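**Student:** Have a look at the structure that comes next, please.
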Amino acid sequence: MTVKAQHIFVNLPVKDLNKTKEFFTSIGFEFNEQYSDDKAACLVIGENIYAMLLLEQFFQSFTNQPVTDTETSREVIIAISADSRVQVDEIVSKAIEAGGKPANDPMDHGFMYSWSFQDVDGHLWEVLYMEQQN
């Protein structure tokens, strides 16, 4: 049997849901209000790709382990694709303008270009463009 998921939902703890929603809205992302409430917001990353932004206390109800302190450790790197090198720069620049932090310098590997930022909750987002190989 081969497993192929139809959707992906990444669950991320957040400190202030409204501040986090404002941050991602200012970058240009949208939310699915059908799956959002006062404890969680469904960030639409792409077709069938979502991040569930959960208030830390609500997130904690799904696990017996402590929530990762993003100031001192990394639980995940969320990598998303962009349509061009220019779009990579636009997304990361908007994230930094909206209160995020740069995570590293842009990396150019010829066929792949990427740049990273930390969101307002310290989660690491890698934005990358890869040229299509023929």
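**Student:** Within segment 67-84, whose backbone N sits under 18 Å from a point 7 Å along Cα→Cβ of residue 8?
**Tutor:** Counting only backbone N, you get 75-84.
**Student:** Run a plain Debye calculation on the chain (Cα atoms as equal point scatterers, no solvent) and give log10 I(q)/I(0) at q = 0.12 Å⁻¹, rounded to two decimals, same order as the q list.
**Tutor:** Listed by q, the Debye log ratios stand at -0.50.
**Student:** Per-residue HN-Hα couplings for segment 29-46, Karplus 6.51 cos²θ - 1.76 cosθ + 1.60 at θ = phi - 60°, whole Hz, x for Gly and Pro?
**Tutor:** 7, 10, 10, 8, 5, 4, 10, 10, 8, 7, 10, 8, 9, 9, 7, 8, 8, x
**Student:** Give me the orientation-averaged projected area of the Cα convex hull of segment 4-78, in nm², one decimal.
**Tutor:** 5.8 nm²
**Student:** Okay, moving on. Pairs on different chains or at least eight residues apart, Cα atoms closer than 21 Å: how many lysine pairs in the chain fit?
**Tutor:** Taking the chain as the scope, the lysine pair count is 9.
**Student:** Roughly what angle does helix 17-27 make with the longest principal axis of the chain, taking Cα atoms, 0 to 90 degrees, to the nearest 10?
**Tutor:** That helix lies at roughly 20 degrees to the long axis.
**Student:** Now, a different point. Please compute the net charge surrounding residue 117, taking Lys and Arg as +1 and Asp and Glu as -1 over other residues with Cβ under 15 Å from its Cβ.
**Tutor:** Neighbour charge sum, excluding residue 117 itself: -4.
**Student:** Is it possible to state the helix-based mean residue ellipticity at 222 nm for the chain, with each DSSP H run of 4+ residues giving -39500 (n - 2.57), the sum divided by total residues, to the nearest 500 deg cm²/dmol? What is it?
**Tutor:** That comes out to -6500 deg cm²/dmol.
**Student:** Read phi for every residue in segment 73-81 and hand back ³J(HN,Hα) as whole Hz from Karplus 6.51 cos²θ - 1.76 cosθ + 1.60, θ = phi - 60°, with x for Gly and Pro.
**Tutor:** Coupling constants for segment 73-81: 8, 10, 8, 6, 10, 8, 9, 10, 8 Hz.
**Student:** If you don't mind, another one. Within 10 Å of each candidate Cβ there may be at most 14 other Cβ atoms; applying that plus a DSSP loop requirement, which GluC sites (Glu not before Pro) in segment 38-134 survive?
**Tutor:** Sites meeting the loop and neighbour criteria: 47, 71, 75, 131.
**Student:** If the chain between residue 107 and residue 33 were fully stretched, how many nm would it gain, using 0.36 nm times the residue separation less the Cα-Cα distance?
**Tutor:** Roughly 23.1 nm would be gained on extension.
**Student:** Whole-Hz ³J(HN,Hα) for each residue in segment 111-118, computed from phi via Karplus 6.51 cos²θ - 1.76 cosθ + 1.60 with θ = phi - 60°, x for glycine and proline: what do you get?
**Tutor:** Each residue's phi maps through the Karplus curve to give 6, 9, 10, 8, 8, 10, 9, 9 Hz.
**Student:** Using only Cα atoms, locate the centre of segment 1-55 and the centre of segment 97-134, then give the distance between them in Å, rounded to an integer.
**Tutor:** 19 Å
Since every read-out is calculated from the coordinates, none of them should be taken as a lab result. As the structure is a prediction and not an experimental result, all values here were calculated from the model. All Cβ positions, even for glycine, are placed from backbone atoms using ideal geometry, and neighbour counts span all protein chains on display.
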